[in-house]
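Each remark here refers to the structure printed beneath this line.
The values are calculated or read from the model by the stated rules, or taken from the named source; none is laboratory data. No experiment lies behind these values; they were computed from the predicted model shown. No Cβ is skipped: glycine too gets one built from the backbone with ideal geometry, and neighbour counts run over all protein chains shown. Only protein heavy atoms, including side chains, enter the accessible area calculation; ligands, DNA and RNA are left aside. Shrake-Rupley method; radii C 1.70, N 1.55, O 1.52, S 1.80 Å.
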Amino acid sequence: MSWCELPGYWLGLEVLERYGCRMADGLVITMQLVAISSLLGFFLAVGLALLRLRGPRPVRWAIAGYTTFFRGTPLLCQLFLIYYGLGTFRLFWQDVGLWWFFRDPLYCCLLAFTINTAAYQAEILRGSLQALPKGQIEAARALGMRPVAIFIKVEMPQALIIGLRPLGNELITMIKVSAIASLVTLFDLMGATRLAFARSFDLSIYLVAALIYLALVEIVRRIWNQMEARLTRHMVLR
Amino acid sequence: MEKVLTLLSFGDQGWGDELLQGAMVTISVALATLPFGLTLGLLIALASRSKSRWISGFATLYTTVFRGVPELLTLYIIYFGGQILIQRLWSGLGFEGSLSISPFLAGMVALGLVLAAFSSEVWVGALNSIHIGQREGAAALGLSRGQAFRLVVFPQLMRVALPGLGNNWMVLLKETSLVSVITLHDIMFIATRANVSTKEPFIFFSAALALYFFFSLLSAWGIGRMETRLNRGYVR
Amino acid sequence: MTTKRAFLAAMLAAAAFVPGTASAQAITEIKIGTEGAYPPYNNLNAKKELEGFEIDYMNDLCARMKVKCTWVVQDWDGIIPALLSKKYDVIVAGMNATPERAKRVDFTDVYTSTPIAMVGAKSITSTNISPDALKGKTLGAQGSTIHMNYLEAYYKGSTLRPYPTQEEANLDLLNGRLDYIVADLEALESFLKDKGKDCCKIIAEVKRDAAIHGPGVGMALRKGEDALKAMINKAIAESKADGSLDKHAMKWLGKKAIQ
């Protein structure tokens with residue numbers, strides 16, 4: 001008996017025992033999807049937020065349009081447009097050598113999730129950067145620091161502290177919405193659960209999945225609270 | 001281009017009229033969910049301020065659960081589980097026959113439960129912003145607790161809560177796209193059907209995105225108007 | 001005396017509420033669940049009316065059993081949960097009587113069996129569809145069907161993709177995301193006549209595996225509804241004997257119901 005069958009065995013839940021390993025595999029895929037897209041989305045968002053604030057005017061408008069659009073429409077619809085919509089241009093993708101990417105639902109999900117979370121994270125970072133007192137930058141300039149150094153060493157660290165909580169909430173949202181990956185044939189945690197339900201018609205498997213998602217979200221929340229406490233320890237009055 | 005216009009036209013050839021019907025369903029689900037979710041959210045918010053540890057503990061548990069579980073999963077649990085639960089209750093009460101939970105009702109309940117969890121946070125914040133003196137003043141005027149809430153606290157509450165609730169509404173509007181998986185004929189469902197029957201997913205999912213975008217811009221505008229209106233007493 | 005009679009009456013009344021004791025009184029009304037998205041077996045036509053082999057056949061059985069039948073349309077994923085929660089009493093929806101499903105529901109006698117096939121691109125020359133031959137290929141089927149279960153059981157070396165509906169799997173075969181799809185032959189034939197005309201062909205038929213596919217298509221009932229089951233089985237046997245089952249099958253499927 002492998003380890004992933006044990007929880008079902010202990011709980012006396014036959015479905016969970018039978019599909020426990022599938023769900024464990026699904027959990028790994030869910031975590032990969034969330035981690036990769038959130039991280040890529042973050043780097044994209046830093047650039048977007050910066051250009052949104054300091055780029056030339058047309059660029060600023062374009063980025064404002066991008067964030068408004070992707071935050072104003074459902075991720076499910078964006079995912080279907082990428083998976084089914086872009087999937088129909090197979091000959092074009094083959095010409096440019098990108099068919100391997102659009103053929104795979106995992107990459108399509110990663111693309112959709114990254115684009116979407118980047119829009120949200122960019123808005124969070126923009127707000128945090130704008131919230132910084134002007135004196136910070138002026139002081140850094142007075143010290144003779146170059147703009148890049150100011151951004152990396154002065155602005156970003158402080159903006160990240162301000163944006164920490166909303167960024168954590170965005171990560172939690174991503175964990176939850178990643179469940180729609182199962183609708184484009186992926187066996188993520190939700191996909192494995194749907195499979196188990198379709199075979200057994202035992203509703204308890206959905207409740208188990210709910211508990212796993214809940215645990216995942218709770219862990220992220222705890223880590224975030226720890227991180228916030230640590231990063232803001234110099235700001236707390238003792 | 002002509003092909004696109006034909007596909008999106010009204011009538012037998014195109015899917016324009018079907019998409020608009022889908023839009024009506026999307027809006028109906030969202031509008032039906034709103035009062036249920038917001039009222040429940042306010043009750044949860046009041047519960048979380050209760051002096052009884054049991055009641056406030058329940059409120060915390062409620063928000064933790066419905067904020068942490070994927071909406072899609074909540075939807076499935078309500079749709080499949082709700083049916084079984086309702087039937088058990090119905091037979092348990094000694095009634096014959098069957099009661100069934102429609103996809104619309106299931107969608108409304110599931111989205112409403114989630115909305116309640118998120119909106120309760122907004123309500124809590126707004127409740128905290130209202131000074132105790134307001135309630136004391138109301139009591140001094142001889143208003144009952146209910147009257148004080150309805151006439152004094154609630155109007156002020158709305159003003160503070162509106163931006164947050166507006167945000168909740170925008171999220172809700174997007175989440176309605178999930179009800180397509182329980183065969184409710186909303187925008188997403190129609191776009192999927194159209195994709196399957198015409199093999200033109202790019203056109204139809206783009207059209208669906210455009211519809212959602214239109215509704216969210218419209219909502220943003222409407223919410224802005226409401227905020228100005230509610231704030232008019234505070235503008236100098 | 002009167003109290004005794006009242007007690008007896010109460011007992012009888014209570015018994016009527018307990019499921020499975022319906023044998024005491026005649027069944028006069030049945031609610032039937034179907035998917036309505038599975039031509040030529042059961043389908044909602046453009047006028048939103050149910051039509052198909054199973055619709056005609058079941059209506060015939062209802063007339064035979066002298067019961068009033070009402071049809072309820074339910075999507076495939078929820079079709080067994082809705083039966084269990086008494087939204088209807090019997091499922092007539094091309095459902096194969098698999099051992100896995102038989103754990104949760106009872107099945108009547110088999111009234112038809114659907115051949116199963118694998119479809120792939122026209123360029124495929126080999127008709128070998130053994131798991132070894134398809135190692136590393138991408139195979140699709142409708143999720144929560146026996147076909148997906150079959151792939152899961154044997155094609156461990158291939159990438160498997162479950163779709164919400166058969167049509168979406170067909171589309172991904174067209175797009176080239178899938179190398180093969182598995183489904184009932186009739187469903188695939190209608191796809192090959194229409195959208196799949198230029199791209200794809202039937203590669204081979206899949207041999208039925210009793211452990212996964214079951215003996216054939218039966219009607220599903222809640223466990224313990226033995227009176228209803230006996231009644232329907234009797235009607236099925238009659239329809240087989242007098243040739244009316246095959247008459248409906250010839251009309252809709254163009255062949256006998258059971259080969």
Exercise. Of all residues in segment A:174-214 being free of Cβ contacts under 8 Å to residues at least 12 places away in the same chain and open to solvent by 20 Å² or more (accessible area, probe 1.4 Å), which is farthest from C:A141 (Cα to Cα)?
Worked result: A:L214
For this session: Could you please find all residues in segment C:154-180 being farther than 24 Å from A:T88 by Cα and modelled with pLDDT under 90?
Result: none
Exercise. Can you name the helices (runs of 4 or more DSSP H) wholly within segment C:29-111 that have at least 1 residues being open to solvent by less than 30 Å² (accessible area, probe 1.4 Å) and basic (K, R)?
Worked result: C:99-102
Exercise. Counting only residues that are closer than 20 Å to C:P215 by Cβ and open to solvent by 30 Å² or more (accessible area, probe 1.4 Å), which one in segment C:239-252 is farthest from the chain's Cα centre (by Cα)?
Worked result: C:A241
For this session: Kindly establish whether A:R199 is over 24 Å from the mean Cα position of the chain (by Cα), more than 12 Å from every other protein chain (Cβ to nearest Cβ) and in a helix (DSSP H, G or I).
Result: no
Exercise. Hey, among B:E175, B:E227, B:E200, which residue is acidic (D, E) and farther than 30 Å from A:A179 by Cβ?
Worked result: B:E227
Problem set entry | Selected residue (criterion: farthest from C:G78 (Cα to Cα)) from residues of segment C:210-227 that are open to solvent by less than 10 Å² (accessible area, probe 1.4 Å) and aliphatic (A, V, I, L, M) | C:V217
Seminar exercise, completed: Flagged in segment A:215-234 as within 30 Å of B:I84 (Cβ to Cβ) and exposed (fewer than 13 other Cβ atoms within 10 Å of the Cβ), in numbering order, are A:A215
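Residues that are within 14 Å of chain A (Cβ to nearest Cβ), modelled with pLDDT under 90, in a loop (DSSP other than H, G, I, E, B) and open to solvent by 20 Å² or more (accessible area, probe 1.4 Å): does segment B:127-150 have at least one? Lay out the reasoning, then the answer.
Going residue by residue through segment B:127-150, those that are within 14 Å of chain A (Cβ to nearest Cβ) are none.
No.
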Exercise. Within segment B:73-93, is there a residue that is more than 13 Å from chain C (Cβ to nearest Cβ) and in contact with a helix residue (DSSP H, G or I) (Cβ under 9 Å, 6 or more places away or on another chain)?
Worked result: yes
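Kindly provide the set of residues from segment A:3-22 that are assigned to a helix (DSSP H, G or I) and touching a residue at least 24 places away in the same chain (Cβ under 8 Å), ordered by number. Spell out the reasoning first.
To start, the set of residues in segment A:3-22 that are assigned to a helix (DSSP H, G or I) comprises A:3-11, A:14-22.
If the condition is that a residue be assigned to a helix (DSSP H, G or I) and touching a residue at least 24 places away in the same chain (Cβ under 8 Å), then A:E14, A:V15, A:L16, A:R18, A:Y19, A:R22 are the ones that fit.
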Exercise. Mind checking whether some residue in segment B:97-110 is within 18 Å of A:L203 (Cβ to Cβ), open to solvent by 30 Å² or more (accessible area, probe 1.4 Å) and within 13 Å of chain A (Cβ to nearest Cβ)?
Worked result: no
For this session: Being open to solvent by 20 Å² or more (accessible area, probe 1.4 Å) and part of a loop (DSSP other than H, G, I, E, B) is the filter here, so list the residues in segment C:159-209 that pass it.
Result: C:P164, C:T165, C:D179, C:D194, C:K195, C:K197, C:D198, C:C199, C:K207, C:R208, C:D209
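Given the structure, is B:K199 modelled with pLDDT under 90 and basic (K, R)? Lay out the reasoning, then the answer.
Details: modelled with pLDDT under 90: yes; basic (K, R): yes.
Yes.
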Seminar exercise, completed: Sole miss for A:L33 among (1) more than 12 Å from chain B (Cβ to nearest Cβ); (2) in contact (Cβ under 8 Å) with a residue 40 or more places away in the chain; (3) open to solvent by 10 Å² or more (accessible area, probe 1.4 Å); (4) among the aliphatic types (A, V, I, L, M) is condition (3)
Exercise. Is it true that B:R67 is in contact (Cβ under 8 Å) with a residue 24 or more places away in the chain, open to solvent by 50 Å² or more (accessible area, probe 1.4 Å) and assigned to a helix (DSSP H, G or I)?
Worked result: yes
Problem set entry | Top-ranked residue of segment C:98-113 - restricted to ones that are farther than 16 Å from C:L228 by Cβ and hydrophobic (A, V, I, L, M, F, W, C), ranked as nearest to the other protein chains (Cβ to nearest Cβ) | C:A102
For this session: Can you run down the residue pairs with Cβ atoms below 8 Å, 6 or more apart or on separate chains, where the first is in segment C:144-166 and over 16 Å from A:Y19 (Cβ atoms) and within 12 Å of chain A (Cβ to nearest Cβ) and the partner is charged (D, E, K, R) and part of a loop (DSSP other than H, G, I, E, B)?
Result: C:T159/C:K137; C:R161/C:R177
For this session: With respect to B:V181, determine if the residue is more than 8 Å from every other protein chain (Cβ to nearest Cβ) and either within 23 Å of B:T33 (Cβ to Cβ) or in contact (Cβ under 8 Å) with a residue 60 or more places away in the chain (or both).
Result: no
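How many residues does segment A:84-104 contain that are under 24 Å from B:F189 (Cα atoms) and within 14 Å of chain B (Cβ to nearest Cβ)?
Start the filter on segment A:84-104 by keeping residues that are under 24 Å from B:F189 (Cα atoms), which leaves A:84-89, A:102-104.
From what is left, the residues that are within 14 Å of chain B (Cβ to nearest Cβ) are A:84-89, A:102.
So the answer is 7.
Just one of B:L46, B:L42, B:L61, B:L31 is buried (at least 20 other Cβ atoms within 10 Å of the Cβ) and either more than 14 Å from chain A (Cβ to nearest Cβ) or at pLDDT 95 or above (or both); which is it?
Of B:L46, B:L42, B:L61, B:L31, the one residue that is buried (at least 20 other Cβ atoms within 10 Å of the Cβ) and either more than 14 Å from chain A (Cβ to nearest Cβ) or at pLDDT 95 or above (or both) is B:L42.
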Exercise. When you look at B:S219, is it assigned to a helix (DSSP H, G or I) and either out of contact with any Pro (no Cβ under 7 Å at 6 or more places or on another chain) or at positive phi (or both), yes or no?
Worked result: yes
Problem set entry | Selection count, segment B:193-216, where residues are more than 7 Å from chain A (Cβ to nearest Cβ) and either in a helix (DSSP H, G or I) or open to solvent by less than 20 Å² (accessible area, probe 1.4 Å) (or both) | 12
Exercise. Within the bounds of segment B:226-236, is there any residue that is open to solvent by 20 Å² or more (accessible area, probe 1.4 Å), within 12 Å of another protein chain (Cβ to nearest Cβ) and modelled with pLDDT under 95?
Worked result: no
Seminar exercise, completed: Within segment A:48-78, residues open to solvent by less than 50 Å² (accessible area, probe 1.4 Å), assigned to a helix (DSSP H, G or I) and closer than 26 Å to B:L173 by Cβ come out as A:L48, A:A49, A:I63, A:A64, A:G65, A:T67, A:F70, A:G72, A:L75, A:L76, A:C77, A:Q78
